[in-house]
Amino acid sequence: MNKFGIGSSTIEAELNTIKPVTHVIKPIQEAEYRSRIQKACELMKVQNAQAMYLNAGTNLLYFTGTHWHASERMVGAILLPNGDLYYIAPNFEKGTLLDFMAIEGEIHCWEEHESPYLLLNNILKENNILEGHILIDESAPFFVYEGISKATGLSIENAHAVISECRMIKSEAEIAIIQALMDITLEVHKATARILKVGITTKDVEDFINEAHKRYGIISGSYFCIVLFGKDASFPHGVKTPKPLELNDIVLVDTGCSFHDYISDITRTYIFGEANNYQQKIWNIEKEAQLAAFTASQIGHICGDVDLAAREKIASYGLGPDYNLPGLPHRTGHGIGLDIHENPYILKGNKTLLKPGMCYSVEPMICVPSEFGIRLEDHIYMTKDGPKWFTEPAHSIENPFGN
């Protein structure tokens, strides 16, 4: 163990101290789903779109509260600019769809041998949509796009501009859910550091993180989990056969959970033992790069500015430049919400303007090939006065949680 508590406890002791807290987290209410639909309709009118198709998945969930995973069978909904909503599903799934549906709408069903695309076209015709263009959810599989295109003969455009403009701007209710989940995951990170010991495997740690999330009330456990020791940490998303923990290894833990459909995502990287001068130097540069990205996150700036600020800070120390290693091999961040990676992307060349309500990660990882990697990941949410952290950034390589 070190003087800051890393390696100071046991798995059993840490799990026994955790109490559930999710009972106080409030889900999205029906009124908010209806306001999302209203905003989408307003944007559709600006584009003169005649209809928008939402495919099963998080886009359908976002606007209608309907939980349904995409599959080889078309399930989705048609939204008209006047707010009318028409669901399309296999006939044998109608009862299940009714059970999962949060915002009611007419359900139009097709039998297995029938075409759901012709059914969609009939819905459009019944609403006198005979010309113009319609929008299709960009997450829809190609077979759905092709089927709709052939069946309707209408011009088809990407619904990205409408959907992303809605989903990128989080409401107070969304931010509250995400904040609660980030708080839980940060506590799991702190407990994880305390259970470390020489010889512990990444599987041991992953299992603990999963169970710890459950003890906090996240029934599904960890939404994802990456645990890497030593040189394995130089590979951003892991290796085939991860090594067990040794003294003086870098420890990288990236994890999160999901509750009420929203997601947390935090990465901490620190030393188990004593950091050498080079490890200390790279960790400090990473922290400076993260702060530079945070400072560049200002209303009216573009997403690309944030990525550039982190990259320039890293390059000022002779690392990189661009995607070269040692340096930052990927984008600086990603949006978060119903999906763990969603718009806006904090990426070079992305001209999306930063607006209040946007939530995204700041994680300008520095990789030193075959030696180690340092990723400090916290998320921010934009306010009219600038960026706010969901979680307090790490303090130092030996005292990441400020103990």
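For this structure, a couple of remarks:
- For His133, distant residues with modelled amide H under 5 Å away: Gln50
- Overall form of segment 110-150 per C-alpha gyration tensor (a/c, 1.5; a/b vs b/c): oblate
- For segment 352-398, the relative contact order comes to 34 percent (Cα pairs under 8 Å, sequence separation of at least 6).
- Phi-derived couplings, Karplus 6.51 cos²θ - 1.76 cosθ + 1.60 at θ = phi - 60°, listed residue by residue for segment 367-373: 9, 10, x, 6, 10, 5, x Hz, with x used for Gly and Pro.
- Estimated 222 nm signal from helices in the chain, with DSSP H stretches of n ≥ 4 weighted -39500 (n - 2.57), rounded to 500: -11000 deg cm²/dmol
- Listed values (1) 20; (2) 29; (3) 35, entry calculated as percent of Cα pairs over 35 Å apart: (3)
- Candidate lysines for bridging to Lys348, where Cα separation is under 28 Å - those fewer than 8 sequence places away on the same chain excluded: Lys170, Lys231, Lys281, Lys287, Lys313, Lys384, Lys388
- When you restrict to C-alpha pairs under 8 Å that are six or more residues apart and normalise by the size of the chain, the relative contact order lands at 15 percent.
- Beta bridges per DSSP with both ends in the chain, % antiparallel, nearest 5: 80 percent
- Judged by the gyration tensor of its Cα atoms, with axes a ≥ b ≥ c, segment 185-316 is oblate; a/c meets the 1.5 cut and b/c is at least as large as a/b.
- Average accessible area per residue (Å²) across the chain - probe 1.4 Å, nucleic acids and ligands excluded: 43 Å²
- Candidates per GluC sites (Glu not before Pro) in segment 316-403, loop by DSSP, up to 15 other Cβ within 10 Å: Glu371
- Most positive-pole-ward Cα, Leu118, Ser164, Ile209, against dipole of segment 84-209 from beta carbon charges: Ile209
- Helix 30-46 and the longest principal axis of the Cα set of the chain meet at an angle near 70°.
- Across segment 154-162, computed HN-Hα scalar couplings (Karplus, 6.51 cos²θ - 1.76 cosθ + 1.60, θ = phi - 60°) run 7, 5, 10, 10, 6, 7, 3, 4, 6 Hz from first to last residue, x flagging Gly and Pro.
- When chymotrypsin sites (Phe, Trp or Tyr not before Pro) are flagged only if DSSP places them in a loop and at most 16 other Cβ atoms lie within 10 Å, the longest unflagged stretch of the chain comes out as 1-316.
- Taking the charge dipole of segment 315-368 about its Cα centre, with +1 at Lys and Arg Cβ atoms and -1 at Asp and Glu Cβ atoms, the residue from Leu353, Gly318, Gly333 reaching farthest to the positive side is Leu353.
- The string of couplings for segment 329-343 from the Karplus curve (6.51, -1.76, 1.60, θ = phi - 60°) is x, 9, 4, 7, x, 8, x, 9, x, 6, 10, 6, 10, 8, 5 Hz, one whole number per residue in order, with x for Gly and Pro.
- Segment 1-124, relative contact order in percent, only Cα pairs under 8 angstrom and at least six apart counted: 18 percent
- Here the Kirkwood formula, the inverse mean of 1/r across different C-alpha pairs, assigns segment 293-403 a hydrodynamic radius of 14.3 Å.
- With Cα atoms, 0 to 90° folded angle of helix 303-315 axis to the chain main axis: 20 degrees
- FRET E, pair Ser115, Asn276, Förster distance 56 Å, beta-carbon r, rounded to 0.05: 0.30
- Qualifying trypsin sites (Lys or Arg not before Pro) in segment 7-77, where qualification requires a DSSP coil assignment and no more than 16 other C-beta atoms within 10 Å, comprise Arg73.
- Carbon/sulfur fraction of accessible area - the chain, other protein chains in place, 1.4 Å, %: 52 percent
- Pairwise centroid distance, computed over Cα atoms, of segment 229-250 with segment 6-21, Å: 23 Å
- Whether segment 31-82 is rounded, prolate or oblate, judged on the alpha carbon gyration tensor where a/c under 1.5 counts as rounded: oblate
The values are calculated or read from the model by the stated rules, or taken from the named source; none is laboratory data. Worth saying up front: this structure is predicted, and the values here are computed from it rather than measured. Using ideal geometry, Cβ is built from the backbone for each residue, glycine included, and neighbour counts are taken over all protein chains shown. Just the protein is used for accessible areas: all its heavy atoms, side chains included, with ligands, DNA and RNA removed. Shrake-Rupley method; radii C 1.70, N 1.55, O 1.52, S 1.80 Å.
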